[in-house]
Amino acid sequence: MGEISFYHLSSTSLERALPKLLERAWIQGHRIVLRAASPERVEHLTATLWTYEEASFLPHGSARDGNAATQPIWLTHRGENPNGASLLVVVDGVEAEDIGTYPRCADLFDGNDAGAVEDARARWRRVRDAGHTLTYWQQTVSGWERKS
């Protein structure tokens, strides 16, 4: 069973937090699949990764770009792992049926949305009951704090 980390966003938006988390994982050597809820969301997040910081670059692609196997970070709305990723990042409350095929997973959710929090709690219970190792990170003004 893989390790699943839940990231409770509360002080910044997904669009501000996600690039930094992806950057850190990529620097650590992970290949990443980022799974969003729709093709439109994939396009929005692709644009975000191109523009989040002037001096930064995160190599990434989506179906629009092709060459999935060569992309270190692959954005999709489908249940696929075409780049041999070791890390699955899910956003938008996506339920990943294939979560157990990844050594690591990050589930990012909006802590300012009561429905998103309740959905994240339900996902937590399901993956806990399936036997995965879980960690919970809450965003604070000074960064991420691991909670028990």
Next on the checklist: Could you tell me how many cubic angstrom of Cα convex hull volume the stretch 71-148 has per residue?
Outcome noted: 114 Å³
Item to check | Sequence of 35, 41, 146 when ordered by accessible area, the most exposed leading, probe 1.4 angstrom | outcome: 146, 41, 35
Next on the checklist: Expected output is a single nm value to one decimal: the length gained when fully extending between residue 133 and residue 145, i.e. 0.36 nm times separation in residues minus the C-alpha distance. What is it?
Outcome noted: 2.6 nm
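List the DSSP H helices in the chain whose Cα atoms stretch 20 Å or more along the helix axis and whose mean Kyte-Doolittle hydropathy is at least 1.6. List each step's numbers first, then the result.
On the way: long enough: 114-129 (23 Å, -1.17).
The answer is none, since no helix passes both cut-offs.
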Checklist entry - Across 10 Å bins from 0, what is the distribution of all Cα-Cα pair distances for the stretch 45-107, in whole percents? => result 20, 52, 26, 2
Checklist entry - Once the mean 1/r over all distinct Cα pairs of the stretch 1-120 is inverted, what Kirkwood radius in angstroms do you read off? => result 14.3 Å
Checklist outcome for this item: Mean-square fluctuation maximum in Gaussian network of the chain, Cα pairs under 10 Å, restricted to 33, 42, 117, hits 117
Next on the checklist: Quick check: at a probe of 1.4 Å, how many percent of the accessible area of the stretch 15-143 sits on carbon and sulfur atoms?
Outcome noted: 51 percent
Next on the checklist: Which one, 47, 85, 68, has the greatest fluctuation when you compute a Gaussian network model over the chain with C-alpha springs under 10 angstrom?
Outcome noted: 47
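The values are calculated or read from the model by the stated rules, or taken from the named source; none is laboratory data. Owing to the predicted nature of the structure, the values given are computational and were not obtained by experimental measurement. To get the accessible areas, we keep the full protein, side chains included, count just its heavy atoms, and leave off ligands, DNA and RNA. Shrake-Rupley method; radii C 1.70, N 1.55, O 1.52, S 1.80 Å.
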